[in-house]
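The next block holds one structure in the form of structure tokens; read it before the comments.
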Amino acid sequence: MTIQPDAATPSAVLDRVSLVLDAFEGPGRLTLAQVVRRTGLPRSSAHRMLERLVHLRWLRRQGRDYELGMRLVELGSLAVHQDRLHRAALPFLHELHRVTGHVVHLAIMDGADVVYLEKIGGRMAAAVPTRVGGRHPAHCTGVGKAILGFSDADLRTVLASGQLARKTRYTISTGDQLRTELSKVRAHGIAYEREESIPGFGCIAAPIGDLGEAVAAVSICGPLSQLKLDAQLAAPLRMAALGIWRNIEGGPVRVQPTLQQARIRLGGAVIQHHPASTSAADLQYA
């Protein structure tokens, strides 16, 4: 005899926990009534679950308001820092920011959106309205277009998602426009975004990975009044993307390894690189 799962089974409980936590996506705190409206759960069930999550430190309660707790911050930070892409990219991102002076992002695809894994900008970071863990529609971001231009599977996902939502009056809104734009990305290995996601801001981005199978993208962003979208920024950006791809643990090796540590020079500073990744001569940029 087969026993059918009921509402008390672990899978159902996890589904409800996920539903409650997803309700907190976005800024600000939520009351019990708001959680009930967003999840559709009965008020008594939602209240019990919220209080249990507070006890486990997944949520935090202040008066009648709830917000995400420190345990989620801890786990999220561990997830990012245990990710081999993030580990491989971090030194290149810091050096790219140092060389250019602009905000630098690392992003991956999730469905039809990009999700930011890292943002480095020092004092400039607050000027760019993005955050680690934040997401934007891929078709209207520099990192998104860089990945879509070099990832056939992700492009099919975006085109199959239906109408391309407009974020600003400059946003690409049709499949034909997107295909035309991505043909330029494939030809030059660089994606540009001018006020397509956020008014007044622009980005230049490069894919991380080979043509047809990009796994991520790196970008330089800032207010268009301060950011020149030209070849001067494209060169160090390409070098950073190539270095990250070759530095991913267990990633593909496209050149003969050398016995001494390779160095990547994006500007005045030199980053030591794993000897099995590439040769120093290939990646130095003056």
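The values are calculated or read from the model by the stated rules, or taken from the named source; none is laboratory data. Remember, it's a predicted structure, so these values are computed and weren't measured experimentally. As a convention, Cβ positions derive from the backbone with ideal geometry for all residues, glycine included, and neighbour counts pool all protein chains shown.
Some observations on this one:
- Index of the failed condition, Ala240 passing every other in (1) at pLDDT 90 or above; (2) assigned to a loop (DSSP other than H, G, I, E, B): (2)
- For Gly149, the stated conditions do not hold, so it cannot be described as surrounded by fewer than 20 Cβ atoms within 10 Å (Cβ to Cβ) and closer than 19 Å to Ser219 by Cα.
- Qualifying residue in segment 122-138 (condition: buried (at least 21 other Cβ atoms within 10 Å of the Cβ), in contact with a helix residue (DSSP H, G or I) (Cβ under 6 Å, 6 or more places away or on another chain) and touching a residue at least 24 places away in the same chain (Cβ under 8 Å)): yes
- A single entry from Glu51, Glu67 fulfils the requirement of being of a type in the set (D, E, K, R), within 25 Å of Thr130 (Cβ to Cβ) and either assigned to a loop (DSSP other than H, G, I, E, B) or without any contact (Cβ under 8 Å) to a residue 60 or more places away in the chain (or both): Glu67.
- For segment 74-86, the set of residues classified as closer than 26 Å to Gly202 by Cα and either modelled with pLDDT under 80 or surrounded by fewer than 21 Cβ atoms within 10 Å (Cβ to Cβ) (or both) consists of Val80, His86, listed by residue number.
Okay, residues lined up against (1) over 18 Å from Ile244 (Cβ atoms); (2) small (Gly, Ala, Ser):
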| site | (1), (2) |
| --- | --- |
| Ser173 | yes, yes |
| Glu181 | yes, no |
| Arg186 | yes, no |
| Gly189 | no, yes |
| Glu195 | yes, no |
| Gly202 | yes, yes |
| Asp210 | no, no |
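- Filter result for the condition that a residue is at positive phi and surrounded by fewer than 21 Cβ atoms within 10 Å (Cβ to Cβ), over Glu213, Glu181, Glu195: Glu195
- Applying the criterion of being modelled with pLDDT of 85 or more and under 21 Å from the mean Cα position of the chain (by Cα) to the residues of segment 19-32, the residue that is nearest to Trp58 (Cα to Cα) is Leu21.
- Among residues of segment 197-207, those that are within 17 Å of the chain's Cα centre (by Cα) and over 13 Å from Val104 (Cβ atoms), counted: 4
- Among the residues examined, Arg186 qualifies as on the phi < 0 side of the Ramachandran plot, over 17 Å from the mean Cα position of the chain (by Cα) and without any contact (Cβ under 8 Å) to a residue 60 or more places away in the chain.
- For segment 20-60, a residue qualifies if it is under 27 Å from Val115 (Cα atoms), surrounded by 14 or more Cβ atoms within 10 Å (Cβ to Cβ) and of a type in the set (Gly, Ala, Ser), and exactly one does: Ala23.
- Of the set (1) in a helix (DSSP H, G or I); (2) loosely packed, with under 12 Cβ neighbours inside 10 Å, all apply to Pro91 but (2).
One line per residue, one yes/no per condition, for (1) under 22 Å from Val132 (Cα atoms); (2) at pLDDT 90 or above; (3) in the same structural domain as Ala107 (by TED's automatic domain parsing):
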site	(1), (2), (3)
Glu181	no, yes, yes
Arg186	no, yes, yes
Glu193	yes, yes, yes
Ala217	yes, yes, yes
Ile220	yes, yes, yes
Lys228	no, no, yes
Gln232	no, no, yes
Ala235	no, yes, yes
Ile244	yes, yes, yes
